[in-house]
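A.B. asks: Pasting a structure here, questions to come.
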Amino acid sequence: MPRKPDLEGYIIPGSAEESILREIDPDRLPSHVAVIMDGNGRWAQQRRLPRVAGHRAGIDSVRDIVETSARLGLDVLTLYAFSQENWKRPRAEIRTLMSLLKEYLARELRSLIKNDIRFRVIGRMEDLEASVQRELTKGMDATRDLGGLTFNIALSYGGRTEIVDACRNLVAALLPAALEQARETLRDPAEILRQAIDEASLGRSLYTAGQPDPDLLIRTSGEMRISNFLLWQIAYAEIWVTPTLWPDFRKLELLTAIRDFQKRDRRYGGVRAAGGDEASGGAPVGAGVPGKRRVV
Ligand code: FPP
């Protein structure tokens, strides 16, 4: 069941946010919003501050966007916090990012629970240092059974790696049964495997298994790149890019992105009949779970 927006007392009457909110149809919200948070370094540079000051300021945006997404009633929010490529950054910057992450979780866990938010990590969590892994596991365990927003944080994440991992895990899971079936039927086990691997089974082997694919992908700081983010899952996502740097990105822009998203014509490769009805289209099957409130 879609959850109802709970914005009472959260959006100030007469504010710019309220006026954008009035243009949003609560029944056609994106189910999953994914965000490439970019521009922390430039934000700091503009203020002659060290880069890490930008990351620290970015935490306030994370807090605001998580709470707004939960109150809007979105099903999933995924934030790209640290890519596999980010390991190339100076050690001191990586250390600060990791301690900011621990600090964020230690401070926010109570509020995540209060807001019914299920916290998840996607990416190669095993690459992170033990104390960070412990804090993340604590957050996931404490929120595992919550039924509101699912908040994915992508850490040591790479889209290509995710697909490779999914293929490896899928083959390993299917192999025993395929060999057994091959023995019983004298069929080629490679052919049995080939038939068992399709978009649906691969989708179920991704980090985001069981979640709807992103409907809306936001990138801050104006760069027109995907940066190895959710490569499989964004097949039909609407992309929205803003020049705003991440530390300045707040609910007003999230609401604006959602308002603009609702104006897009999503055909999923199909065509629209003359009367405006979808003649052939709809979300493709097998790429995750279709959004609960599919927009037309
Ligand atoms: C990109 O800006 C941002 C990151 C690599 C890190 C994002 C991290 C945070 C917002 C803080 C920690 C997150 C959580 C969820 C607690 P950039 O440094 O690449 O900016 P630039 O392109 O201007 O240099």
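A.B. asks: Looking at the chain as a GNM with Cα springs under 10 Å, which of Leu79, Leu170, Leu230 has the largest mean-square fluctuation?
C.D. replies: Of Leu79, Leu170, Leu230, the most mobile in the Gaussian network model is Leu170.
A.B. asks: A further question on this structure: Please give every one of the lysines within straight-line cross-link reach of Lys88, meaning a C-alpha to C-alpha distance under 30 Å, and leave out same-chain neighbours fewer than 8 residues apart.
C.D. replies: Lys102, Lys138
A.B. asks: Build a GNM of the chain with springs between Cα atoms under 10 Å: which of Glu184, Glu93, Glu253 gets the top mean-square fluctuation?
C.D. replies: Sorting by GNM fluctuation, first place goes to Glu184.
A.B. asks: Let me ask something additional. Using alpha-carbon pairs under 8 Å, 6+ residues apart, how would you state the relative contact order of the range 27-120 in percent? Walk me through the intermediate numbers first.
C.D. replies: On the way: 65 pairs, mean separation 30.1, N = 94.
Relative contact order comes out at 32 percent.
A.B. asks: Quick one: work out Rg over Rh on the C-alpha atoms of the range 116-198, Rh as Kirkwood radius.
C.D. replies: On the Cα set of the range 116-198, Rg over Rh gives 1.17.
A.B. asks: Would you mind checking which residues have amide H under 5 Å from Ala81's amide H? H placed 1.01 Å from N; only 5 or more apart, or other chain.
C.D. replies: Counting only residues 5 or more places away or on other chains, the set is Ala154.
A.B. asks: Once you wrap a convex hull around the alpha carbon atoms of the range 10-74, what is its projected area averaged over all directions, in nm²?
C.D. replies: 5.5
A.B. asks: If you don't mind, there's one more thing I want to ask. Quick one: what does P(r) look like for the range 183-238 with 5 Å bins over all Cα pairs, in whole %?
C.D. replies: Result, from short to long distances: 4, 14, 19, 16, 13, 10, 8, 6, 4, 3, 1, 1 percent.
A.B. asks: So, one more: Using each residue's phi in the range 14-28, evaluate 6.51 cos²θ - 1.76 cosθ + 1.60 at θ = phi - 60° and report the 3J(HN,Hα) Karplus result to the nearest Hz, with x for Gly and Pro.
C.D. replies: Once rounded to whole Hz, the list reads x, 7, 4, 4, 5, 5, 5, 4, 5, 8, 9, 8, x, 8, 10.
A.B. asks: Here is a further query. Apply the Karplus curve 6.51 cos²θ - 1.76 cosθ + 1.60, θ = phi - 60°, to the phi angles in the range 227-240 and return the couplings in whole Hz, x for Gly and Pro.
C.D. replies: 6, 6, 9, 6, 4, 6, 6, 8, 3, 10, 6, 7, 9, 10
A.B. asks: Relative contact order, percent, of the range 157-237 when contacts are C-alpha pairs under 8 Å separated by at least 6 residues?
C.D. replies: Once normalised by length, the contact order is 42 percent.
A.B. asks: How would you rank 26-39, 59-72, highest first, on the average number of other Cβ atoms within 10 Å across their residues?
C.D. replies: Packing order, densest peptide first, comes out as 26-39, 59-72.
A.B. asks: Something else: What is the Cα coordinate range of the range 1-110 on the first, second and third principal axes, sorted by size from largest, in whole angstrom?
C.D. replies: Ordered largest first, the range 1-110 gives principal extents of 45, 31, 26 Å.
A.B. asks: For the chain, give the share of DSSP beta bridges that are antiparallel, in percent and rounded to the nearest 5; count only bridges with both residues there.
C.D. replies: Given both bridge residues lie in the chain, the antiparallel proportion sits at roughly 5 percent.
A.B. asks: How large is the Kirkwood hydrodynamic radius of the chain, in angstrom, based on all distinct alpha carbon pairs?
C.D. replies: One decimal place: 20.6 Å for the Kirkwood radius.
A.B. asks: While we're here: What is the ratio of the Cα radius of gyration of the range 49-118 to 2.2 N^0.38 Å, with N the residue count, to two decimals?
C.D. replies: For the range 49-118, the normalised Cα radius of gyration is 1.22.
A.B. asks: Could you give the length gained on full extension between Arg95 and Gln133, defined as 0.36 nm per residue of separation minus the Cα-Cα distance, in nm?
C.D. replies: Gain on stretching Arg95 to Gln133: 12.3 nm.
A.B. asks: Moving on. Hey, what's the Kirkwood Rh for the range 170-281 if you take every pair of different alpha carbons, in angstrom?
C.D. replies: Numbers: mean 1/r = 0.0564 Å⁻¹.
The Cα-based Kirkwood calculation yields 17.7 Å.
Readers should treat all values here as calculations from the given coordinates under stated rules, not as data from a laboratory. Model, not experiment: these values are computed from the prediction. Here Cβ is always computed from backbone atoms with ideal geometry, including for glycine, and neighbour counts include all displayed protein chains.
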